[in-house]
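**Q** I'd like to ask some things about the structure below.
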């Protein structure tokens, strides 16, 4: 009888290389880096990285994200979203923390989640 081994791959990266085109849904318990093109839905418990050559259209749900390439998406990030200086982002953002480097292009709307239950008006 074969012994079943549970592998913790949350720190491993899945990579979609330059020249690769994927359509549909991607789900991972770990991290993913996209240097190619992806259209559809990406759901990751870890970090989603869109490389400088990466292009993503659709929807992203993840723990953290760093965008260097082009995105036309609705993105929901549990913790930190980073738009790097080469990022070209169009769409909707929902996140707890947002970092936008000088040179990044952001066109769309952003909703920040307030962790403290007290509203900004009350402070």
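The values are calculated or read from the model by the stated rules, or taken from the named source; none is laboratory data. Everything quoted here is computed from the prediction, not taken from an experiment. Virtual Cβ from ideal backbone geometry, glycine too; neighbours counted across all protein chains shown.
**Q** Among the listed residues 31, 14, which satisfies the condition of being in contact with a strand residue (DSSP E or B) (Cβ under 9 Å, 6 or more places away or on another chain), farther than 24 Å from residue 107 by Cβ and crowded, with 19+ Cβ neighbours inside 10 Å?
**A** Criteria check complete, one pass: 31.
**Q** Is it fair to say residue 53 is within 23 Å of residue 22 (Cβ to Cβ), part of a strand (DSSP E or B), modelled with pLDDT of 95 or more and out of contact with any helix residue (DSSP H, G or I) (no Cβ under 7 Å at 6 or more places or on another chain)?
**A** no
**Q** Can you find, within the stretch 19-48, the residue that is nearest to residue 65 (Cα to Cα) among those that are at pLDDT 95 or above and in a loop (DSSP other than H, G, I, E, B)?
**A** So the residue we want is 35.
**Q** Is it true that residue 75 is surrounded by 16 or more Cβ atoms within 10 Å (Cβ to Cβ) and closer than 24 Å to residue 111 by Cα?
**A** yes
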